[in-house]
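Engineer: Sharing a structure with you now.
Read-outs throughout are calculated quantities, based only on the coordinates presented, and are distinct from any laboratory measurement. All values derive from a computational prediction rather than experimental measurement. Neighbour counts run over all protein chains shown; Cβ positions are idealised from the backbone, glycine included.
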Amino acid sequence: MAEVWAWPEASVYLYTGTATASALVAYAQNTRVSLVRGWDNYRTLTGLYQDALTGLRADVQIGALYTLDNTALTRFFESATAVHIHFRHANTPVGSAGHFLYSGRLDSLEIAGSDGELFRYAVNYHANAWSAYG
């Protein structure tokens, strides 16, 4: 039986290299992760149809990202280096689940603030490799 889990808001870890050396821990809300596989569908000489995988792409939108270390987030964006993201959802009675996205890029970084509120960061990201656990 497949386990269903939701990830409306929780911890996000952004890092370059190894997670212990450069991990930036953040709290994210309003997240959207789209995992897409590209396929080339073609007909063989025998009349059967085959599918060939042409690529993978994960697109991530984080509507509100809160972190204590905004300089690390800015450095990740400005350096245009590969960034890995770990989405972690913990649910005590069920267990935990999440996704790792590998060697992606921060496409956009938006900083928003309002009177009497904390600064929020909005992030768009893409990657071409991922794994999941749960």
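Engineer: Over every pair of different alpha-carbon atoms in the chain, take the mean of 1/r and invert it; report that Kirkwood radius in Å.
Structural biologist: Answer for the chain: a Kirkwood hydrodynamic radius of 16.5 Å.
Engineer: Can you list which of the chymotrypsin sites (Phe, Trp or Tyr not before Pro) found in region 54-134 are DSSP loop residues with at most 15 other C-beta atoms within 10 Å?
Structural biologist: Phe119
Engineer: For the chain, build the charge dipole from Cβ charges (+1 Lys, Arg; -1 Asp, Glu) around the Cα centre, then report which of Ala58, Ala28, Leu106 sits farthest towards its positive end.
Structural biologist: So the residue we want is Ala58.
Engineer: Extending each Cα 7 Å along its Cβ direction at Arg32 and Leu45, get the distance between those two points in nm, one decimal.
Structural biologist: With each label point 7 Å from Cα toward Cβ, the separation is 4.6 nm.
Engineer: Another question, then. Which one of Tyr42, Tyr13, Tyr27 has the biggest mean-square fluctuation once the chain is modelled by GNM with Cα springs under 10 Å?
Structural biologist: Maximum fluctuation in the GNM of the chain, among the listed residues, is at Tyr42.
Engineer: Counting helices only, and only those DSSP H runs with n ≥ 4, report the 222 nm mean residue ellipticity of the chain as the sum of -39,500 (n - 2.57) divided by its residues, in deg cm²/dmol to the nearest 500.
Structural biologist: -2500 deg cm²/dmol
Engineer: Another question about this same structure. For the chain, the longest stretch holding no GluC sites (Glu not before Pro) located in a DSSP loop with at most 10 other Cβ atoms within 10 Å is which?
Structural biologist: 4-116
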